[in-house]
Amino acid sequence: MIDFVKEKLAGLIVGKKFKSEHYTTRSFKDFFKKSFTFLVLMPDNDTDFHYAVEVLKGLSFNKKHATVFTQEFRANLVPIKYRPQVVEYTSRDIGRLYIPSKKLMEKLTSLRFNAILDLNRKENIFCSVVSSMVNAPIKVGFKKSNADKYYNLQISNIEENAELSYKNYLNCLEMF
């Protein structure tokens, strides 16, 4: 019950703070081809994390630069090629209302991205809030409850298989 209230409050705070962004119209035409810097929010589920690495490989294959955002204890699971671009967070960086710590937000806002990719298939309020707070014109995430508040491009996922979900995610990106 308390988590539900905290999630609602986080949604309201982020919604009010970034309200103007929700009403701007954006063209997604060729956004993937024209974007070169991506902030990739890795999933917090172990199985999903393993298969989400394929999205990183797909970005690399398309000559895109990816900054990986993941939990500190999972940073060593990121392939060596991407480790210099890892931004880690710990439980201390997650506020009571899922708002990132000031230090973490300063670090993320000092970097510039063309797009944010949230690879969490299930609801992760902290990553959703991070995607809203980081300045990038394109914010992509899987379709889930309250996704309209955080992403301007949502990818539908009816697949239970994590491997297929991430292959479909990458295929969808490459269509743009």
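Bear in mind that the values in this text are calculations on the coordinates, not laboratory data. Remember, predicted model here, so these are calculated numbers, not experimental data. All Cβ positions, even for glycine, are placed from backbone atoms using ideal geometry, and neighbour counts span all protein chains on display.
Figures for the structure shown
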quantity: 14 Å beta-carbon shell around residue 51, net charge (K/R +1, D/E -1); calculated: -2
quantity: Förster radius 25 Å - calculated FRET efficiency between residue 111 and residue 30, Cβ distance, rounded to 0.05; calculated: 0.60
quantity: FRET efficiency, 1/(1 + (r/R0)^6) with R0 45 Å, evaluated for residue 96 and residue 175 via beta carbons; calculated: 0.70
quantity: Gain in span if fully extended, residue 76 to residue 156, counting 0.36 nm per residue against the direct Cα distance; calculated: 25.8 nm
quantity: Backbone HN-Hα couplings from phi across the range 64-79 [Karplus 6.51/-1.76/1.60, Hz, Gly and Pro as x]; calculated: 10, 9, 10, 9, 9, 10, 8, 5, 3, 6, 9, 4, 6, 7, 6, x
